[in-house]
Amino acid sequence: MRMIRRTMAAGALALPLTLGVAGIASADSYGGTEVQAGPDGAATHAVQADTHRGGSSFHESSTAAGPDGAATSGTSASANRHGDSQYRQHQGAASKDGAATWDTSAENSRDGGSQYRQHTGWAGQDGAGSSDTHASTGSDGGHDRGGDGVLTGTLGAIGL
């Protein structure tokens, strides 16, 4: 008799628990933030995701700073109901020895065009430099082109 009661109780709880898990999975938005600070520095981390009007987006960022320097990074992605989508990732860091930044982005439109870009830049005691790469496609047949390389970016940074 106890076994039958336990089975019935477990069955009665299973359906609401199953629906509850499905409800969490289909939530319209989610956000979370963490902040930490102490004698050696501070840091933050944030995540945001949501759906709206047939589209969806995701954003994540982190930042930290301390006695040896600072750094930041971020990632975002989105898509809308028309078929357009975007992705971007950024990172940057600085210390007493120099600074650097990295960016990568990609986009796709419902019209069939797409773009990609990657950029890197740095500066320090021994010099500076940058690099760019672009690529795109579209209704005009598309084109690819390499951007300024390390040498061109360095010469431009020092005014030559």
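The values are calculated or read from the model by the stated rules, or taken from the named source; none is laboratory data. Note that the coordinates shown come from a computational prediction; the quantities given were computed from them, not determined experimentally. Counting neighbours? That spans all protein chains shown, and the Cβs are built from the backbone with ideal geometry, glycine included.
The rows are residues; the columns are (1) more than 16 Å from A46 (Cβ to Cβ); (2) of a type outside the set (A, V, I, L, M); (3) not in a strand (DSSP E or B).
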| site | (1), (2), (3) |
| --- | --- |
| A64 | no, no, no |
| A77 | no, no, no |
| H82 | yes, yes, yes |
| Q86 | yes, yes, no |
| Q89 | no, yes, no |
| G112 | yes, yes, yes |
| Q115 | yes, yes, no |
| T120 | yes, yes, no |
When you look at Y30, is it within 30 Å of T133 (Cα to Cα), of a type in the set (F, W, Y) and at pLDDT below 95, yes or no?
no
Can you tell me how many residues in the stretch 58-93 are under 13 Å from the mean Cα position of the chain (by Cα) and either of a type in the set (D, E) or more than 30 Å from W122 (Cβ to Cβ) (or both)?
1
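Quick grid of which residues meet (1) modelled with pLDDT under 95; (2) surrounded by 15 or more Cβ atoms within 10 Å (Cβ to Cβ):
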residue: G74; (1), (2): no, yes
residue: A77; (1), (2): no, yes
residue: H82; (1), (2): yes, no
residue: Q91; (1), (2): no, yes
residue: A99; (1), (2): no, yes
residue: D103; (1), (2): no, yes
residue: D111; (1), (2): yes, no
residue: Q115; (1), (2): yes, yes
